[in-house]
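Notes follow the structure.
All of the numbers you see were taken from the coordinates with simple rules; none came from a lab. Because the structure is predicted, anything quoted here is derived from the model rather than measured.
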Amino acid sequence: MSKTAITSPELTPPVGPFSQAVQIDGFLFVSGQVGQDPATGKVVEGGY
């Protein structure tokens with residue numbers, strides 16, 4: 001079983017030991033993300 005943590009430099013890093021997504025074999029598991037401006041750390045309007 002091959003497991004890879006996936007992150008993006010364009011997103012605010014998660015707080016704690018979390019990954020933005022994990023790829024395991026042929027599957028991609030994503031976590032819910034808050035619409036956050038990486039420059040300010042504030043939640044953006046309308047980001048559902």
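May I have the pair-distance distribution P(r) for the chain, computed from all Cα-Cα distances with 5 Å bins from 0 and rounded to whole percent?
5, 19, 25, 22, 15, 8, 5, 1
Please compute the length gained on full extension between residue 31 and residue 4, using 0.36 nm multiplied by the number of residues separating them and subtracting their Cα-Cα distance.
8.3 nm
Determine the relative contact order of the chain: mean sequence separation of Cα pairs under 8 Å and six or more apart, normalised by residue count, in whole percent.
Relative CO of the chain lands at 31 percent.
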